[in-house]
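Computed from the coordinates by the stated procedures, all read-outs in this text should not be read as laboratory data. Computed from a predicted structure; not experimentally measured. All Cβ positions, glycine included, derive from the backbone under ideal geometry; neighbour counts span all protein chains shown.
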Amino acid sequence: MSAQNEKEKKETLKNLSIQLEMAEASLHAIHKTLDEMGLKPEDLPKHSKTSGSKATTPSKEISGKIIEGIFDGQNMIGPNNKIYPVPANYASKSKLIEGDLLKLTIADDGSFIYKQIGPIERKKLIGKLILEDGQYMVSAGDKNYKVLFASVSYFKANPGEEVTIVIPEGKKANWAAIEAVIS
């Protein structure tokens, strides 16, 4: 195995480790919420692989608890600074950026349904995708912006490639959304 392949393997393993930690944190938050509700995982309704956490707009009105919050680059921060995990694939495909207003409907069946209800002003930049300490970032101008692993996967981007990113207009940001791969 070449040194380059070994380096790529180590970076991939480091990235997988980070993703696993994020998944474990999400599971911990779910278990905590269930515990606060006096429920156990086995009390959750059974669902097929195609149901469950939905991130698209439902065709009919869904009843349930509605919570509004601000997207922080990875999660929705709701009232009392409570963190609600936003599916990374939804955040990536919707090109959510820090400051976007989201609505979360926790349906009666336990499904989490996110909807972007207040996009903030956006600005586009061109930068180079980099992988540093297991975190994908885009170096644009004199700043590095973190990007979601799901965005990198979705666009099949590789470190060193030029990408277009979206950031909040006139606001400091640590996170960006990938708009497209240029090279």
- prompt: Rounded if a/c is under 1.5, else prolate if a/b is larger than b/c, else oblate: which is the range 122-181, with a ≥ b ≥ c the root eigenvalues of its Cα gyration tensor?
  reply: prolate
- request: Using the structure shown, list the pairs from Lys103/Lys123; Lys7/Lys143; Lys115/Lys156; Lys128/Lys156 with a Cα-Cα distance above 21 Å, or answer none.
  value: Lys103/Lys123; Lys7/Lys143; Lys115/Lys156
- prompt: Full extension from Ile106 to Lys128: what is 0.36 nm times the residue separation minus their Cα-Cα distance, to one decimal in nm?
  reply: 4.2 nm
statement: On the formula 1/(1 + (r/R0)^6), with r taken between the Cβ atoms of Lys93 and Lys9 and R0 of 22 Å, the FRET efficiency rounded to 0.05 is 0.20
- prompt: Using 0.36 nm per residue, how much length does the chain from Asp72 to Asp142 gain when fully extended, once their Cα-Cα distance is taken away?
  reply: 23.1 nm
At most 11 other Cβ within 10 Å, DSSP loop - trypsin sites (Lys or Arg not before Pro), the range 96-183: Lys156, Lys172
message: Can you compute the FRET efficiency between Ile182 and Asn80 using 1/(1 + (r/R0)^6), with r the Cβ-Cβ distance and R0 = 45 Å? Round to the nearest 0.05.
response: 0.65
